[in-house]
Every structure is written in C-alpha cells, then in structure tokens.
1. Looking at (1) assigned to a loop (DSSP other than H, G, I, E, B); (2) in contact (Cβ under 8 Å) with a residue 60 or more places away in the chain, find the lone condition where GLN23 falls short.
2. Answer with yes or no whether GLU231 is surrounded by 16 or more Cβ atoms within 10 Å (Cβ to Cβ), in a strand (DSSP E or B), among the acidic types (Asp, Glu) and modelled with pLDDT of 90 or more.
3. Looking at (1) over 24 Å from THR123 (Cα atoms); (2) out of contact with any Gly (no Cβ under 8 Å at 6 or more places or on another chain); (3) surrounded by fewer than 14 Cβ atoms within 10 Å (Cβ to Cβ); (4) in contact (Cβ under 8 Å) with a residue 40 or more places away in the chain, which is the one condition that is false for GLY183?
4. If you go through region 134-145 one residue at a time, do you hit one that is closer than 30 Å to PRO87 by Cβ, in contact with a strand residue (DSSP E or B) (Cβ under 7 Å, 6 or more places away or on another chain), of a type in the set (Gly, Ala, Ser) and part of a helix (DSSP H, G or I)?
5. Quick test for you: out of ALA116, ALA95, pick the one residue that is under 16 Å from the mean Cα position of the chain (by Cα) and under 21 Å from THR192 (Cβ atoms).
6. Within region 135-163, track down each residue that is touching an Asp or Glu at 6+ places or on another chain (Cβ under 7 Å) and either free of Cβ contacts under 8 Å to residues at least 12 places away in the same chain or of a type in the set (D, E, K, R) (or both).
7. Out of the residues in region 203-228 that are acidic (Asp, Glu) and surrounded by fewer than 18 Cβ atoms within 10 Å (Cβ to Cβ), which is farthest from PHE124 (Cα to Cα)?
8. Return the only residue of THR218, THR192, THR208 being assigned to a loop (DSSP other than H, G, I, E, B), in contact with a strand residue (DSSP E or B) (Cβ under 6 Å, 6 or more places away or on another chain) and touching a residue at least 12 places away in the same chain (Cβ under 8 Å).
Amino acid sequence: MKKKTAREIADAIRTRVTGGEAQPGETLATIADLAAEYGVARETVRSAVAQLESEGLVRPVLRRGIVVQERVPRRRIRRGQLVTRNPHYGYVFPATHDRMEPWQTHGSPYRSMEPAPALVADTFGVESGAEVLRRRRVTSPEGEPPFQIVDTWLSPAAVADAPRIAEPSTGPGGYIDRLEEAGHGPITWQETTRVRMPTTEEARLLNTTTTLPVFEITMVGRSGRTDDALEVTVKVIPGDRVELVADLVRHESAAWPVEPVEAA
C-alpha cells in the first residue's frame, strides 16, 4: 500500500477540522500517534502539520499534541488618520475594532521594566537591551480568544517628567494626559504597519502559532516641546483575524466624465 504524502495527510486532517469532526480546542493526537495512524515517518507528519499551522487550523502544544485552533471571525479594519477626544476617557485613536462592541482583557494589564527591543531602543535613543517601562495588555471582543497584544513603551525621559505614568492607575485621560500636563503637549503621532512572524511568547499569548504571520501596528508619540519620542505603542494581531480596508478617493485629475484630449 502506497504511503500517504504530507499533502494528503494535511488534506485529511483539514477535512476533519473544517467538517466539524474535530472541534476547536480538541487535541487531535501527538506527532508520534499521527505517524502511527497514517503509517508514515514523523517528519512527514510534521510537514503536514506545519502546512495546517500556516493556515491557522491547528497548533502544536507542548506535552499535549496537535490542538485544533478556535475559528475566529475575520475582522475588517478601517484605519483612518483622525485622532479625536472623548471627554470621559481621553484621546481616541484610529481603531482596530468597532468601539461600540464590548471588549475584554485577558489576564490583568501589567507594567514592568523590560529590555528594550531594537526598534524601541533606536526610537528612544537608548542602548539596545536597556530596561524601559512597558505597559502590556491582551484584549479581544467579549467571548473570543485573544485578538491583540498592546505594548506601550515609555521613554526614561517621559517617566522622569511624569512619574505617574509608571503607576498602576494613570488617572483620567491616561498616560497621554499626564505627559501633556508635564509640558509635552501637544503630542503628535506617526503610525507604521508591517507584517512579520510572531515570537514564541506572542504566539502563546494570542493562542496562535509561530508559523502564522502577524500584523504589527506601531505608533510613535513625540513631544510637542522637544520633538523627542515619548512612547512607542505596538499592537500585534494574528494575520488570519483581520483584513485592512481603505476607501480610494479620486484626485481631481481622475474626475469623471473624462475630458476629451484634443488631437495635436
């Protein structure tokens, strides 16, 4: 009997998952068990599982086996440029979700001194690996698995000028109001979006795999007084949970109806 290929094994497992035979959160088996079930080498099964990981269907969990991923609705993100202010809780930035929808925090938000990654160190002008204040939270729509990790890194100068931003509660308006009250207003922001692979820790916090790319949305806030970077906020979102949407606008040169071009 001809042995199954990695693609055939992936197709068989995919059918079990998408057909509902294997439910989200269910452990299918270990690599060894699947290799025995299909009568193939473990490397063949690993290759099949890697393909399914990249599709966001399964993820390997240490000491458990291959676990079926929860199927999360893909969300359309409309990224604007307008920063507004709510009188009750401060600045409102271009959203990654519908703000009318109830959201939840997974675990407790926390703050800690952490080694600055290269991007943060370069932005703040500190040595790579220098300890910088990080405020972290993991959030999602209510009833759904983690949707995004939000890390806000605050420069040593920002903490020195506005010590309250290092406390558990930063007060009405949050850390941005405290920074502007300390003489840094009006803060301006620039946002960058890129796609990359997640770290092992990010994959664990988001209940995803290290083979599935993530969106990284980075916002840098600069002092209105010195133009120095005060904050770097990084949102990390699994790539299978979002799609970016933009409305295209016609320039006056693209007006319709088209003006006829006179012959030379």
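The values are calculated or read from the model by the stated rules, or taken from the named source; none is laboratory data. Predicted model only: the values in this text are computed from it and were never measured. Ideal geometry is used to build each Cβ from the backbone, glycine not excepted, and the neighbour counts take in all protein chains shown.
1. Failed condition: (2).
2. Yes, satisfied.
3. With (1) over 24 Å from THR123 (Cα atoms); (2) out of contact with any Gly (no Cβ under 8 Å at 6 or more places or on another chain); (3) surrounded by fewer than 14 Cβ atoms within 10 Å (Cβ to Cβ); (4) in contact (Cβ under 8 Å) with a residue 40 or more places away in the chain applied to GLY183, the lone miss is (1).
4. So far as region 134-145 goes, no, none of its residues is closer than 30 Å to PRO87 by Cβ, in contact with a strand residue (DSSP E or B) (Cβ under 7 Å, 6 or more places away or on another chain), of a type in the set (Gly, Ala, Ser) and part of a helix (DSSP H, G or I).
5. ALA95
6. Within region 135-163, just ARG136 meets the criteria.
7. In this case the residue turns out to be ASP227.
8. Only one candidate qualifies: THR208.
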